[in-house]
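Remarks on the structure that follows.
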Amino acid sequence: MNKLTCFTAVEFPDDPNVAGICYWYACPFEDAEVGDNVIAPLGRHNNTQKGVIREVRWTDEFDAPFPMYMIKYVRQLIKEQKEL
């Protein structure tokens, strides 16, 4: 059986050039959730920026939301500390 891949739609609200636009990334972190912050490469130069996960989708690579040969990977997942 094929293992499903985690894909995340990430928005970069602090960057005025791309605010309001979501970009799809493959995410190697299985505990990624909507609202989590991530560090991911953006643009032609792959400069890393902080973004926010807006959607999480688990699917096979052949059904990826963006062509696999062009997809980039989330580099770091930043979980918010939840108060008890």
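The values are calculated or read from the model by the stated rules, or taken from the named source; none is laboratory data. Model, not experiment: these values are computed from the prediction. For neighbour counting, all protein chains shown are included, and Cβ atoms are generated from backbone atoms with ideal geometry for every residue, glycine included. In case anyone asks, the SASA skips ligands and DNA or RNA and just uses the protein heavy atoms, side chains included. Shrake-Rupley method; radii C 1.70, N 1.55, O 1.52, S 1.80 Å.
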Subject >> Residue list for segment 1-50, filter: polar (S, T, N, Q) and in a loop (DSSP other than H, G, I, E, B) >> reply: ASN2, ASN17, ASN46
Subject >> Residue in segment 52-70 that is nearest to LYS3 (Cα to Cα), counting only those that are among the charged types (D, E, K, R) and open to solvent by 60 Å² or more (accessible area, probe 1.4 Å) >> reply: GLU61
Subject >> Subset of segment 14-51 [in contact with a strand residue (DSSP E or B) (Cβ under 8 Å, 6 or more places away or on another chain), open to solvent by 80 Å² or more (accessible area, probe 1.4 Å) and of a type outside the set (Lys, Arg)] >> reply: ASP14, PRO28, GLU30, ASP31, GLU33, VAL34, ASN47
**OP:** Could you grab the pairs with beta carbons closer than 9 Å, sequence gap of 6+ or different chains, first residue in segment 40-60 and among the aromatic types (Phe, Trp, Tyr), second one assigned to a strand (DSSP E or B)?
**Re:** TRP58/THR5; TRP58/CYS6; TRP58/PHE7
